[in-house]
Structure formats: structure tokens, C-alpha cells
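For reference, the structure discussed in these notes is given below.
The values are calculated or read from the model by the stated rules, or taken from the named source; none is laboratory data. Since we're looking at a predicted model, the values are computed, not measured. Cβ atoms come from the backbone with ideal geometry, glycine included; neighbour counts cover every protein chain shown. We work out accessible area using only protein heavy atoms, side chains counted, and drop any ligands, DNA or RNA first. Shrake-Rupley method; radii C 1.70, N 1.55, O 1.52, S 1.80 Å.
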Amino acid sequence: MNDIASGLFQVPWSEYRPDLLDALWRTVSYTAVSFVGAVALGLAVALLRLSKAWPARAVAAVYTEVFKNVPLLAIIFLTYFGLASAGLRLDVFTAGCLSLVVFYAAYLSEIFRSAISGVHAGQTEAGEALGLGRTGIFSHIVLPQALRQALPGTNTMLVDLLKSTSLLVTVSAAELMSEGRLITSATFRALEVYLVISAIYFALCYPLSQLLLLLERKVRAGVPLSPWRRRRMRAARALLASDLVVDADRKEATV
């Protein structure tokens, strides 16, 4: 067994540690930038799908169906090689992020559209009764509830996007898989190298998925996450406690 292990692990990993750390940072950067862009674009497309104007709905529907049914690898090639052949040359980071954004925005738009549609119409009517405008109703009533419903699907998309950054190896994006290919070319130890790269991806994705699952459980349990919400919850509890004390004093005075 020791002979097998010593025969398997022969790559001088200490020499490649700086390059792997740089590739890890690039992978995380691709993931963070692309996810933020995909969420913003996905929400915009979802709102267009729910618009009362049929041209807006048609444009959003076409966008969603096109990018849901075209492979991500083809989108990467179109963005990096296709646009360059048409005279629009993008750097690797921009092309990679743009490809991931337009691809995952199509899926996130469906998640957001379903979540927004799932908010009961009575919530909107209650907001109107309180005198809120359309913007206030959406931002203070509809959106918080929709985000809670969209959280499971959005979390899944984030982990999947992180794994999909490996496809950027096709344009030499200097992320983890690209670094693995370079190390393999230098050492000819493909099995060992890609086992290590796979282990790094697992070390990224598994804790992230568990943290997102914990976040989802906290949100479902109604735990306030932002400092502003926590302050409001403390103020509400203090007000409720003071009301209970006043009621108790009144009952004692009556007796």
C-alpha cells in the first residue's frame, strides 16, 4: 500500500503552491463576479417576464429559452472566440464572467419568476391598503418573501456556477482546471494532478453548500440576519414586554 501511495504522489506540490493559490483566487473571483451579475440580470429578466407589456415578456421569454438550451461551453466559445472574430476582443476574465452571467441568469430568472409569482395576491392588496406605491409594495412586501422562496434554488445555482468555472479551461482562464492542465503538462502525472484538483473543488463546494443550507434553515426559521432586522426585533420584543408589564399592573390595580 505504501509503495502504491509513494508511486501515486510524486508531484512536487510545494513548487506549485503559489500558482495553485493564484488559480484558487481566480476561481473564487470568477464565481463571485459572475454570481452577482447573474442575480442582477436574472431578477431583471424575471420582472420582464411578469410585465404587463407583451413585448417585454416576449423578449425575456426568448432570452430565457435560448440560453437555457445552449450549452455553456458553446457560450464561452461564442463570447471569447466568436466576438473576437467579429472585432470585439474581450480579455479572458471579462469573457468568462460574461459567459457565466448570461447562462446562469436564464435559470435564475425562472427561479425568481416562480418565487415572485408565489407571493399571495393578498400581500399586494394589503400594501395598497396601507397606502404603499408599486415600488414600496415590491421592495418591502413582495421581494423579501420572494427571496425567501427563491433561496434553495439560488443556492444550488451558486454551487453549480462554482463548479462550472472549470469549463473556462477551454480559454486558458488561469483558474484551477487550467493550472491543473499546466501542471500535468510539466509532470505527466495526470491522475495525481486531477485528483488533487478535484479535491480542491470538493473542499470549496461542500462547505459552501453546507453554509448555504444553514442559511436557508435560519431564513425559514425566521431568524433575522441583518443588523437592522435584529435591532427592530429587539425593539419589538422590548415594546411587547413593556405592554405585558403595563397590562399586569392594570390587573393588579383592578384587583
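Answer yes or no: is there a residue in the range 201-216 that is at pLDDT 90 or above, surrounded by 12 or more Cβ atoms within 10 Å (Cβ to Cβ) and farther than 24 Å from Val39 by Cβ.
No, every residue in the range 201-216 fails to be at pLDDT 90 or above, surrounded by 12 or more Cβ atoms within 10 Å (Cβ to Cβ) and farther than 24 Å from Val39 by Cβ.
Taking the residues in the range 50-66 that are touching a residue at least 24 places away in the same chain (Cβ under 8 Å) and open to solvent by less than 50 Å² (accessible area, probe 1.4 Å) as candidates, determine which candidate is farthest from Gly118 (Cα to Cα).
Within the range 50-66, the match that is farthest from Gly118 (Cα to Cα) is Tyr63.
Output yes when any residue across the range 140-163 is at pLDDT below 95, among the hydroxyl-bearing types (Ser, Thr, Tyr), farther than 17 Å from Phe202 by Cα and surrounded by fewer than 17 Cβ atoms within 10 Å (Cβ to Cβ), and no when none is.
So far as the range 140-163 goes, no, none of its residues is at pLDDT below 95, among the hydroxyl-bearing types (Ser, Thr, Tyr), farther than 17 Å from Phe202 by Cα and surrounded by fewer than 17 Cβ atoms within 10 Å (Cβ to Cβ).
What do you reckon, is Ser29 assigned to a helix (DSSP H, G or I), of a type in the set (S, T, N, Q) and under 30 Å from Glu192 (Cβ atoms)?
Yes.
Test of understanding: among Gly122, Gly136, which residue is free of Cβ contacts under 8 Å to residues at least 60 places away in the same chain and either under 17 Å from the mean Cα position of the chain (by Cα) or surrounded by fewer than 12 Cβ atoms within 10 Å (Cβ to Cβ) (or both)?
Gly122
Check Ala60, Ala86, Ala74 and return the single one that is more than 16 Å from Glu175 (Cβ to Cβ) and touching a helix residue (DSSP H, G or I) at 6+ places or on another chain (Cβ under 8 Å).
On the way: Ala86 fails: touching a helix residue (DSSP H, G or I) at 6+ places or on another chain (Cβ under 8 Å); Ala74 fails: touching a helix residue (DSSP H, G or I) at 6+ places or on another chain (Cβ under 8 Å).
Going through Ala60, Ala86, Ala74 in turn, just one is more than 16 Å from Glu175 (Cβ to Cβ) and touching a helix residue (DSSP H, G or I) at 6+ places or on another chain (Cβ under 8 Å): Ala60.
Report, by residue number, each residue of the range 217-231 that is open to solvent by less than 70 Å² (accessible area, probe 1.4 Å) and either of a type in the set (S, T, N, Q) or at pLDDT 80 or above (or both).
If the condition is that a residue be open to solvent by less than 70 Å² (accessible area, probe 1.4 Å) and either of a type in the set (S, T, N, Q) or at pLDDT 80 or above (or both), then Val219, Ser226 are the ones that fit.
Return a yes/no flag: does the range 5-17 have any residue that is open to solvent by 90 Å² or more (accessible area, probe 1.4 Å) and touching a Lys or Arg at 6+ places or on another chain (Cβ under 8 Å). Step through it out loud before you land on a result.
Quick first cut of the range 5-17, residues open to solvent by 90 Å² or more (accessible area, probe 1.4 Å) only: 9-10, 15, 17.
Going one step further and asking which of them are touching a Lys or Arg at 6+ places or on another chain (Cβ under 8 Å), we end up with 10.
The answer is yes, given that some residue of the range 5-17 is open to solvent by 90 Å² or more (accessible area, probe 1.4 Å) and touching a Lys or Arg at 6+ places or on another chain (Cβ under 8 Å).
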